[in-house]
Each structure stands twice: as structure tokens, then as C-alpha cells.
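The block underneath contains the structure these notes are about, expressed in C-alpha cells.
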Amino acid sequence: MRRRPKGGEKSKTRRRKAAAPRRRNGAAARRHGSASARQKAEIARLSRELDEASQQQAATAEILQIISGSPGDLQPAFGKMLAHAARICDAKYGNVFRLDGDTLHLVASHNTPAALIEARRQVRLNPKLPFGRMVATKAAVQVADIMAEEAYTVQRDPRLVAPVEIGGARTVLVVPLLKEGEVIGAFSLYRQEVRTFSDKQIELLSSFAAQAAIAVENTRLLNELRQRTDELGRSIAELQRERNNKLMNMEAMAASIGHEVRQPLAGIASNGGAALRFLGHAPPNLAEARAALERMVSDAHRASQVFDNIRALFGKANQAHARIDVNELALAVLHALGEELRAHDITTRADLKAGLPLVMGHSGQLQQVFINLFRNAIDAMAALKDGRRLLQLRSARDGDGTIVVAVEDCGPGIDPGRLPNIFDAFMTTKPDGMGLGLAICRMIVERHHGKLLVAPAQPRGSIFSVILPGALAAAS
């Protein structure tokens with residue numbers, strides 16, 4: 001016969017059975033809590049990595065934008081790179097160096113103490129120090145504690161002492177800037193506590209260094225392109241100047257021959273005809289014939305002198321220079337053009353300052369200047385339908401001792417938009433002009449160490465001023 005448990009024993013059994021499920025539920029809860037903590041930790045880690053990746057991506061985008069926006073100036077890009085790298089890598093300060101031979105040259109810095117910048121502007125490489133090892137291995141070099149390095153503790157190398165004692169550095173990371181496998185510079189980051197940089201931080205700084213190397217190469221190519229463009233521009237400008245000078249030479253020779261030679265040739269022809277007529281008299285008038293022939297000889301000499309003047313105009317600058325009275329020279333040209341002035345019904349007025357210093361120059365060249373200015377004045381007033389046509393010639397001594405000879409007309413004047421370029425070659429206001437006359441005049445005046453200026457006259461017309469130094473000033 002089985003014994004039936006007593007009431008107390010039954011109660012204990014039931015309590016044990018009831019307690020067993022509770023123990024199982026507690027273990028499950030602990031396991032569930034542990035899994036939840038791991039998930040939270042993993043989520044936190046992924047969130048940090050995502051945040052770091054976002055920061056890196058944003059920094060890279062900003063840097064690339066700066067590089068593309070200022071391809072010829074790397075200073076802003078390097079500064080931004082250092083600022084982002086120091087922030088993301090939790091560094092105190094950083095520098096960028098350019099490698100030239102065995103010396104690093106500081107080109108940018110971020111948060112680096114001013115005294116340390118001065119001490120690190122140039123750093124000679126030592127193969128046993130971080131920068132030297134970086135150049136030798138062409139890879140990133142990290143020193144966990146600079147103060148533990150023998151070069152600091154024993155040798156007291158200033159290249160390590162300065163960052164520690166001036167900048168408070170303890171941990172340093174150096175990465176190379178590589179171009180076609182060769183080191184062209186370096187990035188460096190410093191921490192003021194002993195704490196090494198992670199692999200991801202090293203990878204980030206290496207990425208910035210790669211971008212910097214690309215920017216350096218792009219800048220080099222751009223500078224080369226600009227230099228070649230500038231050289232090409234200078235070559236084209238020089239060729240253009242040579243072409244303009246040749247054309248101006250041709251124009252000047254044509255103008256000189258056309259004006260100067262025409263008169264003696266006309267005299268030769270006229271006197272030759274007169275001589276023939278005197279010889280044809282019965283009896284021949286030998287005295288008059290002789291006088292006509294002498295005038296022919298004189299005109300021939302005048303024609304020869306014209307070609308001498310032309311050679312002097314385009315020969316060496318100091319050939320046949322002598323002291324010249326510009327008042328006499330300008331008046332002589334004005335009188336020589338008397339028939340042409342009267343034919344255009346132009347009145348002349350001369351107000352010349354007496355006692356002006358002589359100028360040192362070539363009379364033929366300066367004569368050509370006044371011929372051109374007077375003829376321009378004649379052409380300018382030819383279109384006037386009413387009113388008095390007046391050409392004024394004035395001379396004076398300026399405050400600085402220079403002589404100023406002004407030629408003023410009362411024509412319609414020069415368009416203000418053309419005034420700044422009126423002396424440029426091929427700039428003309430005449431329908432049939434070549435635009436070389438005033439350019440030649442400026443060349444001649446400048447060859448005499450002077451200036452040729454233009455200004456509007458009142459109430460209308462133009463004033464061309466020839467400014468020349470006195471003989472003593474020109475000689476000095």
C-alpha cells in the first residue's frame with residue numbers, strides 16, 4: 001500500500017514545481033538583456049562610423065570645391081585639409097610641407113604655435129627621425145611618444161625638441177604626398193597627449209595627402225600653361241610691334257618723300273625749264289640761265305638732304321643730334337606749309353615764348369613731327385563749313401624746365417572714346433588714313449626723351465602738345 005503524502009509535503013512539491021518556470025524565465029530575461037546591450041553597442045558603433053564617414057565625405061567635398069575654385073592658390077585648400085584632419089582625427093595642430101631636395105619647407109599650418117612655425121619653416125631630413133623615415137619608406141610614420149625617442153632624450157635633436165617644448169607635442173603622425181611614387185611633401189598631425197592615431201585616421205590623412213598631391217600637380221600644370229601662354233602672348237606682341245614698326249617706317253618714309261622731295265623736284269623742273277628758255281633767247285641770256293641752273297643744283301642738294309633725314313629718322317637714336325631752337329623749327333615748318341594753309345583758307349597765329357632753352361635732337365625727325373601735326377590740323381578743319389579756321393602755335397617753358405610746343409585747331413575734335421588710343425598704330429580718324437602718323441610722331445618724341453599728349457580745345461578742336469627736355473636735361 002502506497003503512502004499518501006501529507007498535506008505539508010504536497011504544498012512543498014507544488015511550490016518547487018511552480019518555482020522552476022520562474023528560474024527559466026529569469027535566465028531568458030538575462031540572455032535577452034545581454035543581446036539587447038550588444039545590439040545597442042553595435043548600433044552605437046555603426047552610428048559613430050557613419051558619422052565619421054559623413055564628416056570625411058563632407059570635408060572631402062569642401063576641399064575639392066576649394067581646389068577647383070582656386071586652382072592656382074593651394075594655401076586655402078591646405079588650410080582646410082589641415083583643419084578637417086585635425087578635427088576628425090582629434091589632433092591639436094598640423095602642418096603641410098613641400099619637399100625640395102633634402103629639405104622640407106612649411107607651406108601651411110593649422111593651430112600651430114607661432115614660435116613653432118618660425119622654428120619649422122625649413123626642416124632638414126634625418127633618416128632616423130619621423131620625416132626622414134617617411135621619405136625613405138614612402139609610407140605613413142607614427143611616433144606614439146616623442147619624448148621616448150632617443151633623438152629627444154639623448155641627442156636632443158632640435159627637430160624633435162621644438163615640437164615638444166614649444167608645441168607640447170607627444171604623439172605625431174606623418175604621411176607623404178606622393179607624385180608618381182616619389183615624395184613631394186608631407187602632412188603632419190600632433191597630439192599633446194600620448195595617444196596613437198587609429199588605422200582609419202591614418203587612412204583619412206593619407207587620403208587628404210593624395211588629394212593635396214593631385215592639387216599640387218594640377219597647380220604646376222596650370223602655372224606651366226600660364227607661363228607658356230604669357231610667353232606666347234609676349235612673342236605675339238613683339239611680332240606685332242615689329243610689324244607695326246615696319247609699317248610705320250614705310251609710312252614715315254612715304255610721308256617724308258611725298259612732302260619733302262616733291263618741292264625740290266618741282267623746283268628742279270621749274271628751274272630747268274627756265275634755263276632752257278633763257279638759253280633759247282637771241283642772244284641767249286646766260287646770266288639768267290646760270291642762275292636757274294644754280295637753283296637746280298640747290299634743289300638737288302635739298303632732295304639729297306631729305307633722304308639723309310629719312311635715314312636719321314630710322315637709324316641709331318643719337319645720330320646727327322644737335323642743339324635745336326624749337327621755336328625756329330616749328331615756325332619754319334609753318335611757313336613751308338604756307339601755300340597749303342592759304343589754299344584751305346586757314347589763318348595762323350603764333351605765340352612763341354622767347355628765350356626758351358635749346359633742345360638736343362635731330363631737326364629732320366622733329367620737323368616731321370610738326371609737319372604731321374600741322375597737316376592733321378589742316379585736315380581736321382577742312383570739313384568746317386562756316387566760322388573762322390584758325391591754327392594756333394604756342395610754346396612755353398613748363399615748371400620742371402621742359403619745353404612745351406602746342407598745336408591747336410578749331411576742328412570738330414576727337415571722339416572722347418578714341419582719345420586713350422589715338423597714338424596707337426592703325427588708329428585713325430580719317431576715312432583714307434592708315435593710322436600711322438601719330439604713332440610715328442610719338443615714337444620720334446619719345447626717342448627724344450619727351451612726351452606727346454592730346455587734349456580737347458575749347459570750345460571745340462584739339463590741342464597736341466610736344467613736350468621736350470632742355471638740352472642740359474637731355475644730356476644728363
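The values are calculated or read from the model by the stated rules, or taken from the named source; none is laboratory data. Being a predicted model, the structure only gives us computed values, none of them experimental. Every residue, glycine as well, gets a Cβ built from its backbone with ideal geometry; the counts of neighbours run over all protein chains shown. For accessibility, only protein heavy atoms count, side chains too; no ligands or nucleic acids. Shrake-Rupley method; radii C 1.70, N 1.55, O 1.52, S 1.80 Å.
When segment 124-144 is filtered for residues that are open to solvent by 40 Å² or more (accessible area, probe 1.4 Å), within 21 Å of Phe208 (Cα to Cα) and not small (Gly, Ala, Ser), the ones remaining, listed by number, are Arg133, Thr137, Lys138, Gln142.
Residue-level check: of (1) at pLDDT 90 or above; (2) open to solvent by less than 50 Å² (accessible area, probe 1.4 Å), Glu165 misses just (2).
One line per residue, one yes/no per condition, for (1) open to solvent by 50 Å² or more (accessible area, probe 1.4 Å); (2) over 25 Å from Arg460 (Cα atoms):
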position: Leu329; (1), (2): no, yes
position: Arg342; (1), (2): yes, no
position: Ala354; (1), (2): yes, yes
position: Leu373; (1), (2): no, no
position: Ala377; (1), (2): no, no
position: Ala382; (1), (2): no, no
position: Gly387; (1), (2): yes, no
position: Leu391; (1), (2): no, no
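Of all the numbered requirements in (1) surrounded by fewer than 19 Cβ atoms within 10 Å (Cβ to Cβ); (2) among the β-branched types (Val, Ile, Thr); (3) closer than 17 Å to Leu438 by Cα, Val369 misses one, and that requirement is (1). Filtered by the rule that a residue be among the acidic types (Asp, Glu) and not in a loop (DSSP other than H, G, I, E, B), segment 394-425 gives a lone residue, Glu408.
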